[in-house]
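Asks: Please read through the structure below; I'll follow up with questions.
The values are calculated or read from the model by the stated rules, or taken from the named source; none is laboratory data. As the structure is a prediction and not an experimental result, all values here were calculated from the model. Please note: Cβ atoms are built from the backbone with ideal geometry, for glycine as well, and neighbour counts cover all protein chains shown.
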Amino acid sequence: MTVVLQSVERLLRGELTRSEDLQAGRVEASASKLLAVTLVMGAVAGACVGIYPAIRNRPEGFLQMGASTLKVPLLYLLTLGVTFPSLYVFSALANSRLRMRETLRLLLIATAVNVTVLASLGPILAFFAVSTRSHAFMQVLTISTFGVSGLLGLGFLRRAVSHVFQEVAKETAGEPSAAQRMAAVASATQRARFIFTMWTVVYALVGSQMAWILRPFLGAPGLPFVIFRGTSRNFFAGALDALRWAFE
């Protein structure tokens, strides 16, 4: 556990994504430690999500809490596994300096940041789980915490991607023409934005639908415990329904 906490500290302070390393195409991070952070922090977040059914739907709620503890880290790792091939291809097409192994490590770093932020929001979920009986409200709150953590994780990734392409501008810094130097900087920025946009769209769509496939995380009042609910409809229709019920 100490190793995980030390890795989290280095992760959040940016020690694993130094600008000079990324510009040189290096990602100095241990994949096994990043995986451990994702599993531990994801389990913590999942346990916090599962507090609501554990309190409101005894005794089956404890089964749901255990399932959520396992499902949250599984959600992020499966999403990464499904999206990594396409994300790497987008990166290579944009002439990224990161090879396949380094790209995977960078995505593991972003995933670890994402679940760490989600785990830090866990006490908020636990507080409302104890203080409210509205299942729809807890659904909306849970989706919101996942969304906030995802945005922060993607923001971290965006900064890292921008560093990767800064070296392109440096290589042409000796060009005699100021217009050429400006064009190099603009090209590097455009590449970073392209990759980040592609990563965001693909990862968000796959992650949202993966969460729908792995549901329930909170369970449902009056329904027996099940590990998976089924794949009817999709995440976006379900989220809109929960939002409407929460404010009725």
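Asks: Condition (residue is surrounded by fewer than 18 Cβ atoms within 10 Å (Cβ to Cβ) and closer than 20 Å to Val115 by Cβ) applied to segment 84-91: is it met by at least one residue?
Replies: yes
Asks: Could you count how many residues in segment 6-44 are among the polar types (S, T, N, Q), out of contact with any Lys or Arg (no Cβ under 7 Å at 6 or more places or on another chain) and touching a residue at least 24 places away in the same chain (Cβ under 8 Å)?
Replies: 4
Asks: How many residues are closer than 23 Å to His163 by Cβ and in a loop (DSSP other than H, G, I, E, B) if we restrict to segment 1-43?
Replies: Within segment 1-43, residues that are closer than 23 Å to His163 by Cβ and in a loop (DSSP other than H, G, I, E, B) number 13.
Asks: Taking into account only those residues within segment 125-146 that are at pLDDT 90 or above and small (Gly, Ala, Ser), which is nearest to Ala47 (Cα to Cα)?
Replies: Ala126
Asks: Now for a separate question. Going through segment 11-53 one residue at a time, which ones are surrounded by 15 or more Cβ atoms within 10 Å (Cβ to Cβ), among the charged types (D, E, K, R) and more than 23 Å from Leu78 (Cα to Cα)?
Replies: Those that are surrounded by 15 or more Cβ atoms within 10 Å (Cβ to Cβ), among the charged types (D, E, K, R) and more than 23 Å from Leu78 (Cα to Cα): Arg18, Asp21, Arg26.
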